[in-house]
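This report concerns only the one structure given below.
The values are calculated or read from the model by the stated rules, or taken from the named source; none is laboratory data. As the structure is a computational prediction, the values presented were derived from the model and not from experiment. No Cβ is skipped: glycine too gets one built from the backbone with ideal geometry, and neighbour counts run over all protein chains shown. Protein only, heavy atoms only, side chains kept; ligands, DNA and RNA dropped before computing areas. Shrake-Rupley method; radii C 1.70, N 1.55, O 1.52, S 1.80 Å.
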Amino acid sequence: MTKKIAIVGAGPGGLASAMILSSEGHDVHVFEKQSYVGGRNGHFKLGEYTFDIGPTFLSMPHIVEEIFSQSKRDAHDYLDLVELSPMYELQFSNKRIPMYRDENKMIEEIKNHFPGNEEGYVRFMNDTRKKMKALMPLLQTRHHRLRDYVSLRALKALPQLSLGKSVYDVLSQYFTDEKLKIAFTFQAKYLGMSPWECPGAFSILSYMEHEYGVFHPIGGVNQLSKAMAKVVDEYGGTIHLNEGVQEFNLHDKKITSLTLQSGASFEADEVIVNADFAHAMNHFIKGDVLKKYSQPKLEKKKYSCSTFMIYIGADKLYDMPHHTILFAEDYKKNVEEMTKDLVLSEEPSIYIHNASVTDDTLAPAGHSAIYILAPVPNNYAAIDWAGKQNQFKQLILEEVEKKTGFNDLRKHIVEEKVLTPMQWETDHFVHKGATFSMGHQLSQMMYFRPHNRFEELSNCWLVGGGTHPGSGLPTILESARITTNWLNEEEAAQ
């Protein structure tokens, strides 16, 4: 039996769900407020330069392959993936360290820069391989009942959760050098968290990169969203661009229809929400319907940091790595300013995406499309971005020019755009500009995260970073797989 399914938001979770469900014959309609697909995984152009809006790392490509295979398609017919070697380069003061998936190359780099820590790297990879095997079933399975925690699957995984330890604590068991610990813990930033606070189970993040590699789709990571949208179209699904949702119309906690921003009404059997979770709950559901996720209760939740973005079209091709991560001298202080003190750092850590060194489709010949990101507090910090935007931008560009091979960047700027946490909130509809959604503390993970089958409305489902398993492209794709499989099970049981 086919169903009419409305999906709110054309981010990667919504598009993966639409792709799977349309391939199964369901009547799928995706409603997207923006003029493009992808949400934070979309793209934009500045003149002749093309930029990813958000994600620039693609790891665990086998999950992409599996999602396409479930939709009876081959991902490689739609995406041209290039593996990066080195995966990225880390920069501490004047030390530049390339990081490799190749074990022998990685051991050689550790021997050169951090002698005596080679054995720790091998031990970390071997131990975390076992941890990953135990944890993956938890990340690929729904969590909607507390009794799930006494299942055999959960009990097997329990010792691997590193309960009571942070990611930094876990890596300290393997490495003695502070810089090397940071090299394997900075990935907590992918969740918008501090390595000193991020649960130890997330030591799998750096393992995932070193085990599966880091890839770049030609055209940018946004090509993943475009590819999924193409498959939806091939199966007869409809993506309605420039057509946002205004409100959910309810009867007895069931969504009877959606009121669109155009004023039209749309009825559906099931509704999948891919919009930012807190934004959706605060804007789409009126009155006092919600209890567990009412506006006052959402305010008490913990949210990730935000990001300050500079997108630059430069009339020079820089001979620098595809990904460079520049660490503040006092990295812990920088992280605490971002997550605890909620102030702007005088010495921020900075990520630089120089994709034109790999991909000549993003800029004119001899030019670069450069993406610069600095993690900053979310909008609970109440920073006056209108007043501080230019000053902070200049600080970032000075740090980049002073400390990296982009030493004359400002002389070569042709196009430029800045995106602040306030714009993440107002232009991209991200609650408080928390780019990585709700925090990933254990109190907000698995059962304690909003469930994939939303518990407060009867025909409402969730995908994306705000539900289980969490933020990051691989986990967002897993959320779509969990949700669509569960929806189909419910249908089969009826």
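Look at Ile352 and say whether it is within 23 Å of Lys45 (Cα to Cα), in a helix (DSSP H, G or I) and open to solvent by less than 20 Å² (accessible area, probe 1.4 Å). Even if it seems obvious, please write down each step before you answer.
Numbers: within 23 Å of Lys45 (Cα to Cα): yes; in a helix (DSSP H, G or I): no; open to solvent by less than 20 Å² (accessible area, probe 1.4 Å): yes.
Against the criterion (within 23 Å of Lys45 (Cα to Cα), in a helix (DSSP H, G or I) and open to solvent by less than 20 Å² (accessible area, probe 1.4 Å)), Ile352 does not qualify.
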Original post:
Pairs under 7 Å by beta carbon, first residue closer than 16 Å to Phe57 by Cα and at pLDDT 90 or above in the range 468-491, partner of a type in the set (Val, Ile, Thr) and in a helix (DSSP H, G or I), six or more apart or different chains?
Top reply: Pro474/Ile63; Leu477/Ile63; Leu477/Val64; Leu477/Ile67
Original post:
Yes or no: Leu409 touching a residue at least 60 places away in the same chain (Cβ under 8 Å) and under 16 Å from the mean Cα position of the chain (by Cα)?
Top reply: no
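Here is a check on your reading of the model: is Phe114 among the aromatic types (Phe, Trp, Tyr), under 28 Å from Tyr174 (Cα atoms) and touching an Asp or Glu at 6+ places or on another chain (Cβ under 7 Å)?
Numbers: among the aromatic types (Phe, Trp, Tyr): yes; under 28 Å from Tyr174 (Cα atoms): yes; touching an Asp or Glu at 6+ places or on another chain (Cβ under 7 Å): yes.
Judged against the criteria, Phe114 is a match.
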**OP:** State whether one or more residues within the range 388-399 are within 21 Å of Ser349 (Cα to Cα) and under 16 Å from the mean Cα position of the chain (by Cα).
**Re:** no
Original post:
Residue check: is Ala16 within 20 Å of the chain's Cα centre (by Cα) and surrounded by 20 or more Cβ atoms within 10 Å (Cβ to Cβ)?
Top reply: yes
**OP:** Starting from residues that are closer than 22 Å to Tyr190 by Cβ and in a helix (DSSP H, G or I), keep the ones in the range 296-333 and report whichever is least open to solvent (accessible area, probe 1.4 Å).
**Re:** Tyr331
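Which of the residues that make up the range 12-40 are in a helix (DSSP H, G or I) and either modelled with pLDDT under 95 or in contact with a His (Cβ under 8 Å, 6 or more places away or on another chain) (or both)? Working first, answer last.
If we filter the range 12-40 for residues that are in a helix (DSSP H, G or I), which is where we start, we get 12-23, 39-40.
Within the range 12-40, Gly39, Arg40 meet the criteria.
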Original post:
If you go through the range 253-284 one residue at a time, how many are touching a residue at least 60 places away in the same chain (Cβ under 8 Å), loosely packed, with under 15 Cβ neighbours inside 10 Å and assigned to a strand (DSSP E or B)?
Top reply: 1
**OP:** Would you please list the contacts, defined by Cβ atoms under 7 Å and residues six or more apart or on different chains, that run from a residue in the range 434-445 that is of a type in the set (Val, Ile, Thr) to a residue that is assigned to a helix (DSSP H, G or I) and open to solvent by less than 10 Å² (accessible area, probe 1.4 Å)?
**Re:** Thr435/Trp424
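So how many residues does the range 285-294 have that are within 24 Å of the chain's Cα centre (by Cα) and either free of Cβ contacts under 8 Å to residues at least 40 places away in the same chain or open to solvent by 10 Å² or more (accessible area, probe 1.4 Å) (or both)?
Step one: filter the range 285-294 for residues within 24 Å of the chain's Cα centre (by Cα), giving 293.
Next, only the ones that are either free of Cβ contacts under 8 Å to residues at least 40 places away in the same chain or open to solvent by 10 Å² or more (accessible area, probe 1.4 Å) (or both) stay: none.
Of the residues in that region, 0 qualify.
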Subject >> Candidate set: the range 359-379, residues that are touching a Leu at 6+ places or on another chain (Cβ under 7 Å) and open to solvent by 10 Å² or more (accessible area, probe 1.4 Å); chosen: the one nearest to Leu326 (Cα to Cα) >> reply: His367
Original post:
So, of the residues in the range 26-69 that are open to solvent by 40 Å² or more (accessible area, probe 1.4 Å) and hydroxyl-bearing (Ser, Thr, Tyr), which turns out to be nearest to Thr475 (Cα to Cα)?
Top reply: Ser69
**OP:** Take the residues in the range 70-91 that are of a type in the set (Gly, Ala, Ser) and surrounded by 21 or more Cβ atoms within 10 Å (Cβ to Cβ), then tell me which one is nearest to the chain's Cα centre (by Cα).
**Re:** Ala75
Original post:
Considering the range 416-428 alone, what residues qualify as being open to solvent by 60 Å² or more (accessible area, probe 1.4 Å) and outside any helix (DSSP H, G or I)?
Top reply: Glu416, Lys417, Asp427
Original post:
Within the set of pairs 6 or more residues apart or between chains, which connect a residue that is of a type in the set (Lys, Arg) inside the range 26-44 to a residue that is not in a loop (DSSP other than H, G, I, E, B) with Cβ atoms less than 8 Å apart?
Top reply: Lys33/Val245
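Only one residue in Gly236, Gly287, Gly263 is modelled with pLDDT under 95 and of a type outside the set (S, T, N, Q). Which one? First the steps, then the outcome.
Values: Gly236 fails: modelled with pLDDT under 95; Gly263 fails: modelled with pLDDT under 95.
Every option except Gly287 fails the conditions.
Look through Met106, Met125 and report the one residue that is part of a helix (DSSP H, G or I) and closer than 29 Å to Glu347 by Cα. Before you say what the answer is, go through the steps one by one.
Values: Met125 fails: closer than 29 Å to Glu347 by Cα.
Only one candidate qualifies: Met106.
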